[in-house]
1. Only one residue in Glu90, Glu119, Glu42 is more than 29 Å from Gly133 (Cα to Cα) and outside the structural domain of Lys137 (by TED's automatic domain parsing), so which one is that?
2. Considering only residues that are surrounded by 15 or more Cβ atoms within 10 Å (Cβ to Cβ) and over 19 Å from Glu75 (Cβ atoms), which ones fall in region 134-162?
3. Could you tell me whether Lys131 is crowded, with 17+ Cβ neighbours inside 10 Å, within 22 Å of Val80 (Cβ to Cβ), of a type in the set (Lys, Arg) and under 20 Å from the mean Cα position of the chain (by Cα)?
4. I'm told Arg65 meets every condition in (1) basic (Lys, Arg); (2) at pLDDT 90 or above; (3) surrounded by fewer than 16 Cβ atoms within 10 Å (Cβ to Cβ) except one. Can you identify the failing condition by its number?
5. Taking the options Thr158, Thr82, Thr99, name whichever one is in contact with a Ser or Thr (Cβ under 6 Å, 6 or more places away or on another chain) and either of a type in the set (Val, Ile, Thr) or outside any loop (DSSP other than H, G, I, E, B) (or both).
6. Scan region 82-105 and give yes if some residue there is of a type in the set (Gly, Ala, Ser) and surrounded by 12 or more Cβ atoms within 10 Å (Cβ to Cβ), otherwise no.
7. Tally the residues that are of a type in the set (A, V, I, L, M, F, W, C), within 13 Å of the ligand (Cβ to nearest atom) and touching a residue at least 12 places away in the same chain (Cβ under 8 Å), restricting the search to region 108-147.
8. Can you tell me which residues in region 126-144 are in a strand (DSSP E or B) and within 19 Å of Val91 (Cβ to Cβ)?
Amino acid sequence: MKDVRYHISEKHGEKHGRAGGAPKKSDELQRFGVSMEGYLLERFDQVIEKKGYTNRSEAIRDLIRDSLVEQDWDENREIVGTVTIVYDHEVRELSDTLTDLQHQFQKLFRSTLHIHLDEHHCLEVLVVQGKGGEVKKIADRLIGTKGVKHGKFTMTTTGKDL
Ligand code: NI
C-alpha cells in the first residue's frame, strides 16, 4: 500500500458568525496534510476531473461543506432545500392533494417549477425553506403522496455558516 501525501488549503469566511457558541471562524488559509492509498487518490482525481474541478483543494472543500451541511441538520434550524417529484397528473385526486399541501403549508414554499413532461407526467421542483423538522416532514409527505412515481429531497444551506 503506497501512501500519497498532499496538502490542501482552506479559506474560511468570517462574516457570518454562528450563534450558539460554535468556534469562531477564521479566514486564515490553513494547510493540512492528507495521507491516502494511491489508488484512492487516482480515483478521486478521475472523479474530480470529470466534474470539472481545476484542483483538489476546491473538490475537498466542497466535500467538507457537503458533509457539514448534512451534519448540521437540526429540526429547529433554518434550512433550504428542494423537493423534486415526478407524477402522473391523471391519477385521481393526486394533483389536488399536492396543491392542497402547498396551500396548507404555503409559508414553507418559496417557489415552484412545473414542467409537463409528456401527456401524463409532470415534474415539479419545489423550493422549501423553514425549520429543518417542518421542511423534512412536508418533503416526506409530498414524496409519499400516492401516485408520486419518484421523489427526492435535497437539503442545502442558507449559506450563512459556510
Ligand atoms: Ni403538468
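1. Details: Glu90 fails: outside the structural domain of Lys137 (by TED's automatic domain parsing); Glu119 fails: outside the structural domain of Lys137 (by TED's automatic domain parsing).
Only one candidate passes the filter, namely Glu42.
2. Listed by number, the residues that qualify are Thr145, Gly147, Val148, Gly151, Leu162.
3. Numbers: crowded, with 17+ Cβ neighbours inside 10 Å: no; within 22 Å of Val80 (Cβ to Cβ): yes; of a type in the set (Lys, Arg): yes; under 20 Å from the mean Cα position of the chain (by Cα): yes.
No: the conditions fail for Lys131.
4. It is condition (2) that Arg65 fails.
5. Numbers: Thr158 fails: in contact with a Ser or Thr (Cβ under 6 Å, 6 or more places away or on another chain); Thr99 fails: in contact with a Ser or Thr (Cβ under 6 Å, 6 or more places away or on another chain).
That would be Thr82, the only listed residue that is in contact with a Ser or Thr (Cβ under 6 Å, 6 or more places away or on another chain) and either of a type in the set (Val, Ile, Thr) or outside any loop (DSSP other than H, G, I, E, B) (or both).
6. Scanning region 82-105, I find at least one residue that is of a type in the set (Gly, Ala, Ser) and surrounded by 12 or more Cβ atoms within 10 Å (Cβ to Cβ), so the answer is yes.
7. First, pick out the residues of region 108-147 that are of a type in the set (A, V, I, L, M, F, W, C): 108-109, 113, 115, 117, 122-123, 125-128, 135, 138-139, 142-143.
Still in the running and within 13 Å of the ligand (Cβ to nearest atom): 113, 115, 117, 122-123, 125.
Subset that is touching a residue at least 12 places away in the same chain (Cβ under 8 Å): 113, 117, 122-123, 125.
Of the residues in that region, 5 qualify.
8. Restricting attention to region 126-144, the residues satisfying the condition of being in a strand (DSSP E or B) are 126-131.
Correct list: Leu126 only.
The values are calculated or read from the model by the stated rules, or taken from the named source; none is laboratory data. The model shown is predicted, which means the values in this text are computed figures rather than measured ones. Cβ coordinates were reconstructed from backbone atoms using ideal geometry, including for glycine residues, and neighbour counts include every protein chain displayed.
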